[in-house]
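Reviewing the structure listed below.
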Amino acid sequence: MKKYITFDLDETLMQNPFRDWVFPEIESLVAPHLQVTDRILPEIIKEQRERVREKRDVAAYDWDDILEVVLAEHGIPIKINIADLVRKHSVDPKVFLLERNALTILGELKKRKFKLGGVTNGFYKYQYPVLEAIDLAEQMDTILTPCETGFAKPDIRLVDPLLKEGELIAHVGDRLDHDVYFANQLGALSILIDHQMPEVLKKIAPKKRAKQKGYLTKIFQRKIYDDLTPEENYIPKIIIHSIHELLEVELKRENLAVNP
Ligand SMILES: [Mg+2]
């Protein structure tokens with residue numbers, strides 16, 4: 001049976017071009033149709049958050065549809081293809097690996113007989129051009145997105161195709177509410193990556209970091225989580241600051257799925 005380690009992509013392994021390139025270009029394309037003081041981006045973000053709140057999990061990541069709805073609401077008669085913009089901006093140095101030696105680390109995990117997967121809420125058409133540009137595509141044995149599965153994290157059905165041919169050993173990601181919860185629900189080893197880990201924490205073993213109350217509390221208080229309660233489902237088994245630490249921790253399933 002294949003043994004998979006899966007990775008979230010954005011903010012875990014790579015920087016996508018949305019914030020710095022795609023959204024600013026949309027702003028400038030739309031600007032001539034707005035009052036001078038108005039901006040379209042807050043409207044786009046508002047529509048996206050609304051979709052998340054309404055648990056329209058897949059639609060919440062369909063940026064082309066989100067933009068189309070927002071433009072129609074404002075009576076702006078232009079068409080913008082976001083997937084085209086993503087392709088245009090998926091070039092060095094606009095998109096990049098968050099860690100320079102990431103490909104070596106992933107290659108090392110493959111030598112240890114693990115299969116690697118990308119598990120992302122980003123649609124395939126927005127993610128694949130980036131993966132290709134930073135040479136991550138060829139490292140991944142599978143890429144799971146909401147487009148073909150119809151589900152988005154934290155819904156564990158997103159990995160159904162993978163579980164048909166293998167076992168999920170560990171999932172690595174930067175979000176407690178998406179990645180950690182998701183891994184815990186699946187009984188896989190939940191690994192949070194915290195690129196901003198304070199230096200003192202780096203000196204503690206990865207398995208013991210989640211038990212540092214003050215540190216964990218601070219992570220839960222991050223703005224992205226609104227008021228996420230620090231319950232067991234959201235607590236990572238391991239916290240790393242760099243993916244090179246994956247080579248030092250024991251990668252095996254927890255088998256204690258919260259809801260098997
Ligand atoms: Mg992420």
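Applying the Karplus parametrisation 6.51 cos²θ - 1.76 cosθ + 1.60 with θ = phi - 60° to the phi angles of the stretch 134-145, what ³J(HN,Hα) value in whole Hz is obtained for each residue in order, glycine and proline being reported as x?
9, 6, 8, 4, 6, 7, 8, 7, 8, 10, 10, 10
According to the square roots a ≥ b ≥ c of the eigenvalues of the Cα gyration tensor, what is the shape class of the stretch 83-141, taking rounded for a/c under 1.5, prolate for a/b larger than b/c otherwise, and oblate for the remainder?
Values: a/c = 2.98, a/b = 1.66, b/c = 1.80.
Judged from the Cα gyration tensor, the stretch 83-141 comes out oblate (a/c at least 1.5, b/c at or above a/b).
Could you check what % of the DSSP bridge pairs in the chain are antiparallel, to the nearest 5? Walk me through the intermediate numbers first.
Working: 2 of 23 bridges.
Roughly 10 percent of the beta bridges in the chain run antiparallel, per DSSP.
Among Leu9, Val30, Leu85, flag the residue with its Cα farthest along the positive direction of the charge dipole of the chain, charges on Cβ as +1 for Lys/Arg and -1 for Asp/Glu.
Of the options given, the answer is Leu9.
Within 10 Å, count the other beta carbons around each residue, average over each peptide in 216-224, 6-14, and list them highest first.
Working: 216-224: 13.2, 6-14: 23.9.
Per-residue Cβ counts within 10 Å, averaged per peptide and sorted highest first, yield 6-14, 216-224.
With the crude spin-label approximation of a point 7 Å out along Cα→Cβ, what separation in nm comes out for Lys207 versus Ala137?
3.9 nm
For a paramagnetic label modelled at 7 Å from the Cα of Val200 toward its Cβ, which residues of the stretch 211-225 fall within the zone defined by backbone nitrogen distances under 13 Å?
212-216
Put +1 on the Cβ of every Lys and Arg and -1 on every Asp and Glu Cβ in the stretch 120-260; which of Ile156, Tyr124, Ile134 then has its Cα farthest towards the positive end of the dipole?
Positive-end residue among those listed: Ile156.
Under a straight-distance cross-link criterion of Cα-Cα below 18 Å, which lysines are reachable from Lys2, leaving out those fewer than 8 residues away in the same chain?
Lys110, Lys111, Lys113, Lys115, Lys164, Lys252
State the answer as a single residue: which of Phe96, Trp21, Val70 lies farthest towards the positive end of the charge dipole of the stretch 1-128, with beta carbon charges of +1 for Lys and Arg and -1 for Asp and Glu, about the Cα centre.
So the residue we want is Phe96.
Okay, which of the stretch 175-199 sit inside 20 Å, backbone N to the point 7 Å along the Cα-Cβ direction of His244?
Label zone hits: 192-199.
With the chain treated as a Gaussian network of Cα nodes joined by springs under 10 Å, which of Asp57, Asp160, Asp194 yields the largest mean-square fluctuation?
Asp160
If you place +1 on the Cβ of every Lys and Arg, -1 on the Cβ of every Asp and Glu, and leave all else neutral, what size is the dipole of the stretch 149-260 about its Cα centre, to the nearest 20 Debye? Before the final figure, lay out each step's value.
Details: 17 positive and 17 negative charges, 86 e Å.
Using only the charged Cβ atoms, the result is roughly 420 debye.
Using a ≥ b ≥ c from the Cα gyration tensor of the stretch 183-233 (square roots of the eigenvalues), is it rounded, prolate or oblate, where a/c under 1.5 gives rounded and otherwise the larger of a/b and b/c decides, a/b for prolate?
Cα axes put the stretch 183-233 in the oblate bin.
I want to check the label-to-label distance for Leu29 and Val52. Put each point 7 Å from Cα in the C-beta direction and report it in nm to one decimal.
2.3 nm
How large is ³J(HN,Hα), in whole Hz, for each residue of the stretch 38-45 in order, when computed from phi with the Karplus curve 6.51 cos²θ - 1.76 cosθ + 1.60 and θ = phi - 60°, using x for Gly and Pro?
Per-residue couplings from phi come out as 7, 10, 8, 4, x, 5, 5, 5 Hz.
Of the candidates Arg112, Arg175, Arg209, which one comes out as most mobile in a Gaussian network treatment of the chain with C-alpha springs shorter than 10 Å?
Arg112
What is the stretch 155-214 by shape, rounded, prolate or oblate, if you read a ≥ b ≥ c off the alpha carbon gyration tensor as root eigenvalues and call it rounded for a/c under 1.5, prolate for a/b larger than b/c, and oblate otherwise? Intermediate values should be presented prior to the final figure.
Details: a/c = 2.84, a/b = 2.41, b/c = 1.18.
Prolate, because a/c is 1.5 or more and a/b exceeds b/c.
Please provide three numbers in whole Å: the alpha-carbon extents of the stretch 1-41 along the principal axes, with the largest listed first.
Extents along the principal axes, in whole Å: 58, 15, 13.
Provide, as a two-decimal number, the C-alpha radius of gyration of the chain over 2.2 N^0.38 Å, N being how many residues it has. Write out the running numbers ahead of the final one.
Numbers: Rg = 19.0 Å, N = 260, 2.2 N^0.38 = 18.2 Å.
This ratio for the chain stands at 1.04.
Just how large is the dipole of the chain about the Cα centre, in debye to the nearest 20, putting +1 at every Lys and Arg Cβ and -1 at every Asp and Glu Cβ?
Values: 38 positive and 43 negative charges, 236 e Å.
Using Cβ point charges on Lys, Arg, Asp and Glu, the chain gives about 1140 debye.
Which value, in debye to the nearest 20, gives the size of the charge dipole of the stretch 1-65 about its Cα centre, when Lys and Arg are +1 and Asp and Glu are -1 at the Cβ? Please list the in-between numbers first.
Numbers: 10 positive and 15 negative charges, 78 e Å.
Computed charge dipole of the stretch 1-65: roughly 380 debye.
On a full-extension model of 0.36 nm per residue, what is the gain between Ala72 and Lys218, subtracting their alpha-carbon distance, rounded to one decimal in nm?
Once the chain is fully extended between Ala72 and Lys218, it gains 48.5 nm.
Coordinate-derived values only; no laboratory data. Keep in mind the model is a prediction, meaning the values are calculated, not measured. Because the Cβ atoms are built from the backbone with ideal geometry, glycine has one as well, and the counts that use them run over all protein chains shown.
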